[in-house]
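Student: Before I ask anything, here is the structure I am working with.
Every read-out reported here was derived from the displayed coordinates using simple, explicitly stated rules and does not represent laboratory data. Keep in mind that this is a model prediction, so the values were computed, not measured. Please note: Cβ atoms are built from the backbone with ideal geometry, for glycine as well, and neighbour counts cover all protein chains shown.
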Amino acid sequence: MIDVRGGAAAEAGPRLLTGSPIAAEIRAGLTEDFARFKERWGHSPTLAVVLVGADAPSAVYLQQILRTCQKVGVEGRLVEIGSDVTPDALCTEIERLNADPSVAGIIVQMPLPAHIPLRAVIDSIDPAKDIDGIHPRNAGLLSLGYDGFLPATAQASVEILKRSGIEIAGKRVVVVGRSNVVGKPAALLLIREHGTVTVLHSKTRDLGHHTRDAEILIVAAGRPGLVTGDMLSPGVVVVDVGINVVPDGEGAEKLVGDVDFESAKGVVSAITPVPGGVGPLTNALLLSHLFRAATDQAERAARRTATGVRP
Ligand code: NAP
């Protein structure tokens, strides 16, 4: 049932579901895991982040990942490639990273320049190093309910609910957005958690009709302020995945989500802030995937050395 807040609780504002404390907890565990990894295998794994062209928001995001790598004791390698790269040359660079035994995980920053076919690039990443779950093998495993690498942002949007003690099973969950990296995998994960899931997109008629039905609403549309307070039911829990750069009215810029926080805050029971909600959790989860990838690869290589057989 929807928990309708009233009186003092409503005046105090909604519960803020912040990602930073959860991320800090995950990072603390990972720092120990990676230290043990280094002790056992004699090296720290490397995360390669591939940036094609000079997209400013992407560069900022990647710097954040590289900082997180440093915090937990992982080597971060930024592979910068000119925007005029040919599709073949880009795939060759990715294949070189696939073959490099020191590289345990590879992320390719999106969006790619228009002349690069996305499919060719995602196909070229070794699924065992695809720690953000974009390769068709990992996407297929997710849709079948098996364990592959999950897209970290989609996972973060579900994980923040679970770790905040918000029950998903049986709830009416509405997801705005159906991209392969966020909306669609989030919907699949929410089905796995036994939510009753509806997915909305740009062709959905009367968005508010559907969002008002939600007990849990995940918004990943990349449209600042798309969801306003009048499109929400009292007591709904909102996860705002959107990260949008908008003018702050004083000549600078600020980050806002896809949900209009001001009109939503008096209606919702809990909401993720932007910034500070899903974002911080995404990087921590990504590095937990790197740990798993690095361990799998190191164990496989050790078996190969011991038996002479390719596992
Ligand atoms: P995307 O690929 O552009 O997909 C946006 C989705 O929203 C599409 O499915 C689109 O529908 C739908 N949509 C767009 N306008 C809509 C509208 N008016 N009504 C209903 N649906 C609408 O974006 P994305 O990569 O999924 O990213 C979504 C947001 O998450 C962005 O703000 C991005 O910056 C943010 N993000 C955050 C993190 C994080 O760590 N927090 C990480 C990645 C992305 P169609 O399919 O019909 O076009």
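Student: Treating the angle as unsigned and between 0 and 90°, give the value, to the nearest 10°, between the Cα long axis of helix 152-163 and the longest Cα principal axis of the chain.
Tutor: For helix 152-163, the angle is close to 50 degrees.
Student: Could you list T307, T204 so that the one with the fewest beta carbons within 10 Å of its beta carbon is first and the one with the most is last?
Tutor: Ordered from fewest to most neighbouring Cβ atoms within 10 Å, T307, T204 come out as T307, T204.
Student: Let me ask something else. Can you give the helix-only mean residue ellipticity at 222 nm for the chain, where every DSSP H stretch with n ≥ 4 adds -39500 (n - 2.57) and the sum goes over all residues, rounded to the nearest 500 deg cm²/dmol?
Tutor: Mean residue ellipticity at 222 nm (helix-derived): -13500 deg cm²/dmol.
Student: With springs only between Cα atoms under 10 Å apart, run a GNM on the chain and tell me which of S83, S102, S288 wobbles the most.
Tutor: Highest fluctuation of the listed residues: S83.
Student: Another question about this same structure. Tell me, in nm to one decimal, what length is gained between N180 and A252 on full extension, where the rule is 0.36 nm per residue of separation less the Cα-Cα distance?
Tutor: Length difference between fully extended and current span is 22.7 nm.
Student: Between L51, L62, L144, where does the largest GNM mean-square fluctuation fall for the chain, given springs only between Cα atoms within less than 10 Å?
Tutor: Among L51, L62, L144, the largest mean-square fluctuation in the Gaussian network model of the chain belongs to L144.
Student: Quick check on the exposure proxy: order C69, C91 from fewest to most C-beta atoms within 10 angstrom.
Tutor: In order of increasing Cβ crowding within 10 Å: C91, C69.
Student: Please list, ordered by chain and number, the residues whose modelled amide H lies under 5 Å from the amide H of V199; skip anything fewer than 5 residues away on the same chain.
Tutor: For V199, the qualifying residues are V175.
Student: Relative to the longest principal axis of the chain, what angle (0 to 90°, nearest 10) does the C-alpha long axis of helix 183-192 take?
Tutor: Relative to the chain, helix 183-192 is tipped by roughly 80 degrees.
Student: If you don't mind, another one. Specify the angular offset, from 0 to 90 degrees and rounded to the nearest 10, of the alpha carbon long axis of helix 20-41 from the longest principal axis of the alpha carbons in the chain.
Tutor: 10 degrees
Student: Rounded to the nearest 5, what % of DSSP beta bridges with both residues in the chain are antiparallel?
Tutor: Around 10 percent antiparallel, to the nearest 5.
Student: Using a Cα-Cα cut-off of under 23 Å, which lysines could be cross-linked to K38, ignoring same-chain neighbours fewer than 8 residues away?
Tutor: The qualifying lysines are K71, K129.
Student: Give the Kirkwood hydrodynamic radius (Å, one decimal) of the chain, defined as one over the mean of 1/r across all pairs of different Cα atoms.
Tutor: 20.6 Å
Student: How large is the convex hull of the C-alpha atoms of the stretch 151-280 per residue, in Å³?
Tutor: Roughly 102 Å³ of hull volume per residue.
Student: Between R212 and L78, 0.36 nm times their residue separation minus their Cα-Cα distance comes to what?
Tutor: Taking 0.36 nm per residue and subtracting the Cα distance, the gain is 44.0 nm.
Student: Calculate the dipole size of the chain relative to its Cα centre from +1 charges on Lys and Arg beta carbons and -1 charges on Asp and Glu beta carbons; express the result in debye to the nearest 20.
Tutor: 820 debye
Student: How far, in nm, would the chain grow between Q63 and S263 when pulled straight, counting 0.36 nm per residue and subtracting the alpha carbon separation?
Tutor: 68.7 nm
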